[in-house]
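In what follows, a structure is listed as structure tokens, so that the remarks can point back to it.
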Amino acid sequence: SVKPDTMSYNILMNGWCRSIPARGKTSSNQVVAERVERVLCQMEHPDSYSYCTAINAWAKVTGDLGAENSERLLHIMSKRSEDQAKQNLSKDGANRSNKRNSGNVD
């Protein structure tokens, strides 16, 4: 079966983001930014491009709402990155411990 991957979602999000006009139609900009963020939330493995696209969509919404949501997504992205780094360190430690216990130390 064919399942959408990160690249598929990124292309969709980018298409929505490009539909936002440079000026005007603030209410439609918000609707598009919300839609892009919904796609981001559906993703199993969003990457930095995914987050940057959603941040860009919110940045095109004028006023505090756009800036606040852009910043919120940046914080979520940063937290996910920290959590992933901790998880990787934990896995590395467990792998070294398993090697030590089995006598296969590098």
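The values are calculated or read from the model by the stated rules, or taken from the named source; none is laboratory data. Bear in mind the structure is a predicted one, so any value in this text is a computation, not a measurement. In this analysis, Cβ positions are derived from the backbone assuming ideal geometry, glycine residues included, and neighbour counts consider all displayed protein chains. Accessible surface areas use protein heavy atoms only, side chains included; no ligands, DNA or RNA. Shrake-Rupley method; radii C 1.70, N 1.55, O 1.52, S 1.80 Å.
Among the trypsin sites (Lys or Arg not before Pro) in the range 1-62, those located in a DSSP loop and surrounded by at most 14 other Cβ atoms within 10 Å of their own Cβ are Arg23, Lys25. With a Förster radius of 22 Å applied to the C-beta separation of His45 and Glu68, the computed FRET efficiency comes to 0.25. Calculated accessible area for the range 1-78 comes out at 64 Å² per residue, all protein chains present (probe 1.4 Å; ligands, DNA, RNA ignored).
Bridgeable aspartates and glutamates around Lys3 (alpha carbons under 12 Å apart, same-chain partners fewer than 8 residues away excluded): Glu44. Ignoring aspartates and glutamates fewer than eight residues from Lys91 along the same chain, the ones with Cα atoms less than 19 angstrom from its Cα are Glu82, Asp83, Asp106.
Partner aspartates and glutamates whose Cα lies under 19 Å from the Cα of Lys60, excluding those fewer than 8 positions away in the same chain, are identified as Glu34, Glu37, Glu68, Glu71. Using only alpha carbons, the range 2-71 has a radius of gyration to Kirkwood radius ratio (Rg to Rh) of 0.98. Between the range 6-21 and the range 44-76, what's the alpha-carbon centroid distance in Å? Each part reduced to its Cα centre gives a spacing of 13 Å.
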